[in-house]
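What follows draws every value from the coordinates through simple rules; no lab data is involved. Since the structure is predicted, the reported quantities are computational estimates derived from the model, not experimental observations. Here the Cβ is made from the backbone with ideal geometry for all residues, glycine too, and neighbour counts use every protein chain on show.
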Amino acid sequence: MIKTTYAKGKVVAKTGNEVMAEAMRQIAPDVVAAYPITPATEIVQIFSQFVADGLVPTEFVAVESEHSAMSACIGACAAGARTMTGTSSQGLALMWEMLYIAAGLRLPLVMAVINRALSAPINIHGDQSDTMGARDAGWIQIYSENSQEAYDNMVQSTRIAEKLQLPTMITTDGFIISHCMEVVEILPDEDVKKFAGEFKPERYLLDIKRPYTLGAIDLQDYYFEHRFQLADAMNNAIPVILEVAQDFYKTFGRKYDLYEKYCMDDAEVALVIIGSAAGTAKVVVDDLRSKGVKAGLIKIRVFRPFPAKQLAADLAKLKVVAVMDRADSCSGAGAPLYTDVTAALYSNANAGLPLPKVVDYVYGLGGRDIDLDHFHEVFARLEKIKAGGPIGPVVEYINVRK
Amino acid sequence: MIEIRWHGRGGQGAKTAALLFAEAALATGKYIQAFPEYGPERMGAPVQSFNRISDVPITLHCGLHEPSFVVILDPTLMDSVPVTAGLKKDGKVIVNTSFSAATIATRLGINASQVFVVNASQIAQDTIGMDIPNTPMLGALVKVIGTLDLNGVLEDTKHKLEQKFRHKPQVIEGNLESIKRAFNEVKNV
């Protein structure tokens, strides 16, 4: 039989959406306001069934749009309620102005986001364009490779959000994970509840003994200070995220970091990648290792805040790096992860540290498959560059008709 | 690792079959994946779903292109969908049909030794009272794979169906009976 990491854990076959909803039930937030959208619909559907069946005491608010969902969540969280929601793609896009308000008001909401392409053309499948577009909204962003990580990240989410007073999104890839049934270890309800603890906001609107104003107009005199405080909170978020991960490891036995280093100790060529495709790439890394190629992989878990210093130090040891982006920024100068990775590396240049050569691949938009052959193709190019070959175009698009 | 592709039509339960099969395989101690191919969700349209079954954790999250087993819930799909595409050299095809394995092999252009047939629609009619061939095909697949424990599969499927059909207990026994019958009736001739 498959062993659990935690003695009281239970191995089950569940989809990404099912385990996201399961973690929400176990945390049992005071309020969930949500609107269904493919491929995140099941999270809302399953959770509302939990509420209807009396399995969770949450106040479920069925709203008429995602804009209203985020607005209701902001109101509930400001009132002092532990609040969660879930969405995807166009739903996240419709929340746009409210995302910035949640962050600006320093409300520790938690949102499950199932990554999906943005229209047009209309497409329901997995890529990370939706949350990548929200990367500057002031939300913590934590990405998951598989259902287990999606579940574990959800279990850690409220503590991170509430300690930092920053809204937090936990994401995983649409359909590829949200609708894929896999082996997941589910933790006991009471242990998750104990880990999540109670939400004790410093101030809240329903605290009539200490009334305060939230969301007032804030012009030249103080707006900048408040936005500075938001930036400062993000700048100081990493230790808190690591502290929660450490406690999760001590309690439940699964290790999490800002990013996962796979075969990186003596690697010369490596990928930097986010999400489900990392799992496919690991198979290729294993294969190359068995043939003597010093291949490695870094899988970003925490994208906001961006672990720039840590990454720059780890990447300095490499000869050639391919950054893999499942989103495009249409900036004409590389996709989101690439620009952040190369910016991080510039601090190495300033400090006189070694610099790897870096190329960018945009892949998998709209759910386009990326398989073992594609990763072999990428690594073959990195090996050629390592041997002194030309770099060629820095930004490439893989498995696309040109 | 065993890779399986299910072919069915929208409404026949190809997705459910893959999910049930994955859960049953997990119950026998294997690592599993089950995922559908999502397209326009229309009743009757050709659909596919997939399984990976392994003794070690599965990290692959790409499409499945070279199955070792193909399960065909609706034989008319053989006329319109390339059901043997990517099939491994010694891969096996299991078809819901009343024709012989030799006839189906000729039609698919593969060796007769690769083809297994079972009249799952008839079994479903007899046991469940409807032409829902997915659960009988589950039984046929367990037999053809040969390394999974039928009793473990039955037990897990019963548990799963009890949850899903808690308001319709009468369908549970029929479904279990259909798995057993297909397990016993699937043949290579």
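For the stretch A:259-397, what class follows from the C-alpha gyration tensor (a ≥ b ≥ c being the square roots of its eigenvalues): rounded when a/c is under 1.5, otherwise prolate if a/b is larger than b/c, else oblate? Here the stretch A:259-397 falls in the rounded category. How big is D, in µm² s⁻¹, for the stretch A:1-156 by Stokes-Einstein at 37 °C and 0.692 mPa s if Rh is the Kirkwood radius over C-alpha pairs? Rounded, D is 207 µm²/s.
Per-residue ellipticity at 222 nm computed for chain B from its helices equals -12500 deg cm²/dmol, with DSSP H segments shorter than 4 residues left out and the rest contributing -39,500 (n - 2.57).
Here the residues B:Glu173, B:Glu3, A:Glu64, B:Glu37, ranked from fewest to most Cβ neighbours within 10 Å of their Cβ, fall in the order A:Glu64, B:Glu173, B:Glu37, B:Glu3. Per the Kirkwood formula applied to alpha carbons, the protein assembly as shown shows a radius of gyration over Rh ratio, Rg over Rh, of 0.99.
Reported to the nearest whole Å, the Cα centre-to-centre distance from the stretch B:1-61 to the stretch A:36-99 is 29. Working from Cα pairs under 8 Å separated by at least six residues, relative contact order for chain A is 16 percent. By how many degrees, between 0 and 90 and to the nearest 10, does the Cα long axis of helix A:147-164 differ from the longest principal axis of chain A? Taking the Cα atoms of chain A, the angle to A:147-164 is about 60 degrees.
For the stretch A:33-117, report the translational diffusion coefficient in µm²/s to the nearest whole number, using Stokes-Einstein at 4 °C, 1.567 mPa s, and a Kirkwood Rh over Cα pairs. Answer from the Stokes-Einstein relation: 101 µm²/s.
Overall, the ratio between the Cα radius of gyration of the stretch B:2-185 and 2.2 N^0.38 Å, rounded to two decimals, is 0.95.
Candidates A:Ile140, A:Gly86, A:Val293 compared by Cα position along the dipole of chain A: farthest toward the positive end lies A:Val293, with charges placed on Cβ. Remark on the stretch A:258-321: Rg and Dmax equal 11.4, 36 Å (Cα only). Expressed to the nearest 5 percent, the antiparallel share of DSSP beta bridges inside the stretch A:10-252 is 20 percent.
Each peptide among B:142-153, A:85-96, B:76-87 gets the average number of other Cβ atoms lying within 10 Å of its residues, and from highest to lowest they stand as A:85-96, B:142-153, B:76-87.
Once the convex hull of all Cα atoms in the stretch B:119-189 is built, its volume per residue stands at 71 Å³. Net charge dipole, chain A: roughly 840 debye, given to the nearest 20, about the Cα centre with Cβ charges of +1 for Lys and Arg and -1 for Asp and Glu.
When both bridge partners sit in the protein assembly as shown, DSSP labels roughly 35% of those beta bridges antiparallel. Dividing the helix sum by the residues of chain A, where each DSSP H run of 4 or more adds -39500 (n - 2.57), gives a mean residue ellipticity at 222 nm of -12500 deg cm²/dmol. Remark: mean inter-chain Cβ contacts per residue of B:52-60 equal 4, using a 10 Å Cβ-Cβ cutoff to other protein chain atoms. Centre-to-centre, using Cα atoms only, the stretch A:371-402 and the stretch A:162-184 are separated by 30 Å.
Here the stretch B:92-126 and the stretch A:252-306 have alpha carbon centers that stand 44 Å from each other. With respect to chain A, whose longest principal axis is taken over its alpha-carbon atoms, helix A:237-252 is tilted by about 90°.
Looking at the stretch A:259-397, the DSSP beta bridges with both ends there are about 20 percent antiparallel.
When peptides A:6-12, A:378-384, A:38-44 are ranked by their average number of other Cβ atoms within 10 Å per residue, the highest-first order is A:38-44, A:378-384, A:6-12.
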